[in-house]
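K.L.:
Can you keep this structure in mind? I'll have questions shortly.
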Amino acid sequence: MKFFKIFLIISLTLLMITGCGLLELGSKNKSTKEPLKDYPQLSKKVKGTLEERYDHKFEIDRIAYLNQIDVYVLYCNPVDDKELEFRVKTGGKYGESLWDEYGKLRTDHEIEKYYKPIIKEKLPYKLVSNPNLATYTDWGRIPSAKELLEDDSQNTKIYLKICIFEDILEKDKERALTGILELMELLEKQDLKRWKIQIELYNEDFFKGIDPKWLMEETDWLSHDIFEVPDRYKDVIKYKDHYIYGAELTYMIKIDHKKYKDIERTDSIKTYI
């Protein structure tokens, strides 16, 4: 009986130790900043596949292994554009295949380069803009902004989200509304399949001393991968919860191509607003 009690105690102790170990391992994601060293075969496979798909040179910045779902997430960028970071996923539900978002992000990147200077000209305020598009053409390659907006506009949808961190309706209403109207007129003339503008105005005082572009890039306000690599955002942990900023939204303007016709009949966006 005494031997059984000792055996039971030892067994329970080992179970607690190994159980805690499994729990700890299962709750953490492994990340590496030396992908070629730590995952040489995976890195070689991904680089080769991307370069074959897109006829471009790529490099891998880091790899995260999500052990809860057995998925590898590789953070990559074109060699000639380190700012254009995109993800490649494999393993788990993806199996041996590689899922990547480069084509979509590259096309969005071209649209951003086209629209952002126009938005800044029409609305010269402290803002962050996020142009997005959808194309219904099977290009078989990455199209240019010119092809999407001129050659294939009837198959292209544009969505412009603009976050402004100044009280423009209080201190510069006439200029601001004129700029919004000019932006709508531009989109209407492009003869797109569909367009939409969403303008969000935030409490100016709350955002003093904060660079909104930095904030959106470093938190999950405009991205969805903040929790995939937990240590990536340790320096901005106090900013990571974007919901606190949502509470500072003071006004929102949503206009699409259908509503534009009604605005046109009023002869003034001010009447419509």
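The values are calculated or read from the model by the stated rules, or taken from the named source; none is laboratory data. What you see is a predicted model; the values in this text were computed from it and never measured. Ideal geometry is used to build each Cβ from the backbone, glycine not excepted, and the neighbour counts take in all protein chains shown. For accessibility, only protein heavy atoms count, side chains too; no ligands or nucleic acids. Shrake-Rupley method; radii C 1.70, N 1.55, O 1.52, S 1.80 Å.
K.L.:
Give ASP108, ASP80 a once-over and let me know the one that is open to solvent by 10 Å² or more (accessible area, probe 1.4 Å) and assigned to a loop (DSSP other than H, G, I, E, B).
P.N.:
Matching residue, one of ASP108, ASP80: ASP80.
K.L.:
Restricting the search to the range 132-163, which residues are closer than 12 Å to LEU192 by Cβ and in a strand (DSSP E or B)?
P.N.:
Here is the first cut: in the range 132-163, the residues closer than 12 Å to LEU192 by Cβ are 133-136, 148-150, 152-160.
Those that are closer than 12 Å to LEU192 by Cβ and in a strand (DSSP E or B): LEU133, ALA134, THR135, THR156, LYS157, ILE158, TYR159, LEU160.
K.L.:
Okay, next question. Checking the conditions here, which among GLU200, GLU166 is surrounded by fewer than 20 Cβ atoms within 10 Å (Cβ to Cβ), not hydrophobic (A, V, I, L, M, F, W, C) and not in a strand (DSSP E or B)? It would help to see each step written out before you state the result.
P.N.:
Numbers: GLU200 fails: not in a strand (DSSP E or B).
Of GLU200, GLU166, the one residue that is surrounded by fewer than 20 Cβ atoms within 10 Å (Cβ to Cβ), not hydrophobic (A, V, I, L, M, F, W, C) and not in a strand (DSSP E or B) is GLU166.
K.L.:
Looking at this structure, is GLN68 in contact with a helix residue (DSSP H, G or I) (Cβ under 9 Å, 6 or more places away or on another chain), farther than 22 Å from THR135 by Cα, exposed (fewer than 12 other Cβ atoms within 10 Å of the Cβ) and modelled with pLDDT under 95?
P.N.:
On the way: in contact with a helix residue (DSSP H, G or I) (Cβ under 9 Å, 6 or more places away or on another chain): yes; farther than 22 Å from THR135 by Cα: yes; exposed (fewer than 12 other Cβ atoms within 10 Å of the Cβ): yes; modelled with pLDDT under 95: yes.
The answer is yes for GLN68.
K.L.:
Continuing with this model, one more query. If you take the residues in the range 116-131 that are in a strand (DSSP E or B) and of a type outside the set (A, V, I, L, M, F, W, C), which one is nearest to ASP172 (Cα to Cα)? If you could, list the steps in order and put the result at the bottom.
P.N.:
Taking the range 116-131 as the starting set, the residues that turn out to be in a strand (DSSP E or B) are 127-131.
From what's left, of a type outside the set (A, V, I, L, M, F, W, C): 129-131.
On the way: SER129: 19, ASN130: 23, PRO131: 24 Å.
Filtering first and then ranking leaves SER129.
K.L.:
Could you list, in sequence order, the residues of the range 92-102 that are touching a residue at least 24 places away in the same chain (Cβ under 8 Å) and either outside any loop (DSSP other than H, G, I, E, B) or of a type in the set (Phe, Trp, Tyr) (or both)?
P.N.:
Keep residues of the range 92-102 that are touching a residue at least 24 places away in the same chain (Cβ under 8 Å), which gives 92-93, 98, 100, 102.
Of everything in the range 92-102, those that are touching a residue at least 24 places away in the same chain (Cβ under 8 Å) and either outside any loop (DSSP other than H, G, I, E, B) or of a type in the set (Phe, Trp, Tyr) (or both) turn out to be GLY92, LYS93, ASP100, TYR102.
K.L.:
Confirm whether ASP167 is charged (D, E, K, R) and under 30 Å from GLU52 (Cα atoms). Let's see the steps before the verdict.
P.N.:
Numbers: charged (D, E, K, R): yes; under 30 Å from GLU52 (Cα atoms): no.
It is false that ASP167 is charged (D, E, K, R) and under 30 Å from GLU52 (Cα atoms).
K.L.:
Residue check: is ASP191 modelled with pLDDT under 95 and open to solvent by 60 Å² or more (accessible area, probe 1.4 Å)? Explain how you work it out, then say what you get.
P.N.:
Details: modelled with pLDDT under 95: yes; open to solvent by 60 Å² or more (accessible area, probe 1.4 Å): yes.
In short, yes.
K.L.:
Further question: Just to be sure I understand, how many residues within the range 175-188 are within 16 Å of LEU148 (Cβ to Cβ) and loosely packed, with under 15 Cβ neighbours inside 10 Å?
P.N.:
Let us first name the residues in the range 175-188 that are within 16 Å of LEU148 (Cβ to Cβ), namely 186-187.
Next, from what is left, pick out any that are loosely packed, with under 15 Cβ neighbours inside 10 Å: 186.
Residues flagged as within 16 Å of LEU148 (Cβ to Cβ) and loosely packed, with under 15 Cβ neighbours inside 10 Å within the range 175-188 amount to 1.
K.L.:
While we're looking at this one, here's another question. It is to be established whether one or more residues within the range 119-128 are open to solvent by 50 Å² or more (accessible area, probe 1.4 Å), aromatic (Phe, Trp, Tyr) and over 23 Å from HIS56 (Cβ atoms).
P.N.:
Start the filter on the range 119-128 by keeping residues that are open to solvent by 50 Å² or more (accessible area, probe 1.4 Å), which leaves 120-121, 124, 126.
Cutting the leftovers down to aromatic (Phe, Trp, Tyr) gives us none.
No, the range 119-128 has no match at all.
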